[in-house]
Amino acid sequence: MIEVTVAAAFDLPVEELSAKTRRAAPIAFARQISMYCAHVTFGWSLTEAGAVFDRDRTTAAHACRVVEDRRDDARVDKVVASVEGALNHWLFAIEGCRAVEPGDQR
């Protein structure tokens, strides 16, 4: 969910975000936003957020610091806020699906 949303926001192939090697700065920043959202929006630990991208917790912590620092730029803040909003909509939809009992005819 996170990777697809961030990849769409940056018009990148999803595979670029989980690549094992470093990538160009825009791709690296998109990956950092992904780890940031995993930690902040989804409430995952830094270890969990980093593991999704085959990174360690210190890399996820660095990603969160970078994103927080760059949110002072209105353009960056707008993109991050849009991604967070989309992810929150996903979460709301998933919670709504979980609330429906099997066989419920609503």
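The values are calculated or read from the model by the stated rules, or taken from the named source; none is laboratory data. All values reported here derive from a predicted model rather than from experimental measurement. Here the Cβ positions follow ideal geometry from the backbone for every residue, glycine too, while neighbour counts run over all protein chains shown.
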* Check whether at least one residue in the range 78-85 is in contact (Cβ under 8 Å) with a residue 60 or more places away in the chain and surrounded by fewer than 18 Cβ atoms within 10 Å (Cβ to Cβ), and report yes or no. => yes
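Could you count how many residues in the range 18-47 are more than 19 Å from E68 (Cα to Cα) and surrounded by 12 or more Cβ atoms within 10 Å (Cβ to Cβ)? Lay out the reasoning, then the answer.
First pass over the range 18-47, keeping only residues more than 19 Å from E68 (Cα to Cα): 18-24.
Adding the requirement that they be surrounded by 12 or more Cβ atoms within 10 Å (Cβ to Cβ) leaves 18-19, 23.
Within the range 18-47, residues that are more than 19 Å from E68 (Cα to Cα) and surrounded by 12 or more Cβ atoms within 10 Å (Cβ to Cβ) number 3.
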* Select from the range 52-68 the residues that are modelled with pLDDT under 95 and buried (at least 16 other Cβ atoms within 10 Å of the Cβ) and list them in ascending order. => V52, F53, R55
* To do: Filter the range 77-106 down to the residues that are assigned to a helix (DSSP H, G or I) and acidic (D, E), then identify the one that is modelled with the lowest pLDDT.
  => E95
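Just to be sure before I move on: is V14 surrounded by fewer than 16 Cβ atoms within 10 Å (Cβ to Cβ), of a type in the set (A, V, I, L, M, F, W, C) and either under 23 Å from I94 (Cβ atoms) or in contact (Cβ under 8 Å) with a residue 24 or more places away in the chain (or both) in the structure I sent? Outline the logic, then answer.
On the way: surrounded by fewer than 16 Cβ atoms within 10 Å (Cβ to Cβ): yes; of a type in the set (A, V, I, L, M, F, W, C): yes; either under 23 Å from I94 (Cβ atoms) or in contact (Cβ under 8 Å) with a residue 24 or more places away in the chain (or both): yes.
Yes.
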* **Selection count, the range 29-59, where residues are of a type in the set (A, V, I, L, M, F, W, C) and out of contact with any helix residue (DSSP H, G or I) (no Cβ under 9 Å at 6 or more places or on another chain)** => 0
